[in-house]
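The values are calculated or read from the model by the stated rules, or taken from the named source; none is laboratory data. It should be emphasised that the depicted structure is a prediction, and the values quoted were computed from it without experimental measurement. Every residue, glycine as well, gets a Cβ built from its backbone with ideal geometry; the counts of neighbours run over all protein chains shown. Accessible surface areas use protein heavy atoms only, side chains included; no ligands, DNA or RNA. Shrake-Rupley method; radii C 1.70, N 1.55, O 1.52, S 1.80 Å.
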Amino acid sequence: MPKMEFVYLQGKTKWFRHSAPNKFGSWSHDLYLDPPSLEKWKELQEGSEDIQGIKNQLRKDEDGYFVTLRRPVEKQLRTGKKIGFAPPDVFMADGVTPLRDINIGNGSDVTTKLEVYTHFIPGSSNKMARAIRWLSSKIDNLVPFENKPSEFTKEEQRAVKGLAEQPAQF
């Protein structure tokens with residue numbers, strides 16, 4: 001298996017946070033997988049004889065099967081050195097025009113590109129596993145972000161509560 005490969009997953013998204021990291025220090029989004037992407041996901045989880053599959057969980061709610069895809073702000077290597085990551089790139093449906101300063105609403109159709117890489121399992125000297133990292137996304141069908149409380153995280157709801165009722169300064 002190559003050290004790095006790319007996988008594309010498609011579906012509808014929720015909680016698409018590509019411009020500001022979450023409280024855990026990662027950019028992330030939930031992706032409700034379409035049937036072909038669900039099969040790809042299961043293949044990634046299986047692994048092989050020599051390499052363990054990904055540990056990311058497949059979850060299910062009233063809207064279907066979904067996964068949370070992340071890109072960390074930084075990562076500490078086995079050597080102790082820390083490396084930083086840029087935010088994931090997000091593009092319009094044409095796949096080349098960047099989407100900047102636009103919030104992605106729940107229910108948008110998305111194609112997400114993942115880096116699939118191998119790494120040594122912590123605490124072992126020679127056992128390998130696969131892991132994934134969100135690299136970029138293409139917004140195939142944009143649902144506008146509506147600033148409804150249901151589209152805010154609890155932290156965002158706490159931050160905006162009461163601001164709209166305050167008079168503007170002139």
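Can you give me the number of residues within the range 24-40 that are under 14 Å from the mean Cα position of the chain (by Cα) and either aromatic (Phe, Trp, Tyr) or at negative phi (or both)? Write out each step before concluding.
Just the residues of the range 24-40 that are under 14 Å from the mean Cα position of the chain (by Cα), to begin with: 24-33.
Those still in the list that are either aromatic (Phe, Trp, Tyr) or at negative phi (or both) too: 24, 26-33.
Residues meeting the conditions: 9.
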For residues that are among the acidic types (Asp, Glu) and touching a residue at least 12 places away in the same chain (Cβ under 8 Å), scanning just the range 148-165, find the one that is least open to solvent (accessible area, probe 1.4 Å).
151
Inter-residue pairs, beta-carbon under 6 Å, first at pLDDT 95 or above and in the range 25-39, second among the acidic types (Asp, Glu) and surrounded by fewer than 19 Cβ atoms within 10 Å (Cβ to Cβ), 6+ apart:
32/63
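Within the range 130-158, which residues are modelled with pLDDT under 80 and hydrophobic (A, V, I, L, M, F, W, C)?
Of the residues in the range 130-158, the ones modelled with pLDDT under 80 are 146-157.
Hit for the range 130-158 is 152, nothing else.
Looking only at the range 94-108, which residues are open to solvent by 30 Å² or more (accessible area, probe 1.4 Å) and within 16 Å of the chain's Cα centre (by Cα)? Walk me through it before giving the result.
So the first thing to find is which residues in the range 94-108 are open to solvent by 30 Å² or more (accessible area, probe 1.4 Å), and the list is 94-98, 100-103, 106.
The answer is 103, 106.
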What residue, among those in the range 109-123 that are within 14 Å of the chain's Cα centre (by Cα) and among the hydroxyl-bearing types (Ser, Thr, Tyr), is surrounded by the most Cβ atoms within 10 Å (Cβ to Cβ)?
112
Tell me which strands (runs of 3 or more DSSP E) are completely within the range 27-76 and hold 3 or more residues being over 18 Å from residue 3 (Cα atoms) and open to solvent by less than 80 Å² (accessible area, probe 1.4 Å), or say none if there are none.
64-72
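Quickly run through the range 77-90 and pick out the residues that are open to solvent by 50 Å² or more (accessible area, probe 1.4 Å) and in contact (Cβ under 8 Å) with a residue 40 or more places away in the chain.
Start the filter on the range 77-90 by keeping residues that are open to solvent by 50 Å² or more (accessible area, probe 1.4 Å), which leaves 77-79, 81-84, 86-87, 89.
If the condition is that a residue be open to solvent by 50 Å² or more (accessible area, probe 1.4 Å) and in contact (Cβ under 8 Å) with a residue 40 or more places away in the chain, then 78, 87, 89 are the ones that fit.
Would you mention how many residues in the range 159-170 are part of a loop (DSSP other than H, G, I, E, B) and either at pLDDT 75 or above or within 12 Å of residue 103 (Cβ to Cβ) (or both)?
Kept after step one, since they are part of a loop (DSSP other than H, G, I, E, B), are these residues of the range 159-170: 161-170.
Those still in the list that are either at pLDDT 75 or above or within 12 Å of residue 103 (Cβ to Cβ) (or both) too: 161-168.
So the count comes out to 8.
Give the range 124-147 a look and list any residue that's of a type outside the set (Ser, Thr, Tyr), without any contact (Cβ under 8 Å) to a residue 24 or more places away in the chain and either touching a helix residue (DSSP H, G or I) at 6+ places or on another chain (Cβ under 8 Å) or open to solvent by less than 90 Å² (accessible area, probe 1.4 Å) (or both), or say none. So that I can check it myself, show each step before the final result.
Taking the range 124-147 and keeping what is of a type outside the set (Ser, Thr, Tyr), we get 126-135, 138-147.
Next, only the ones that are without any contact (Cβ under 8 Å) to a residue 24 or more places away in the chain stay: 126, 147.
Correct list: empty.
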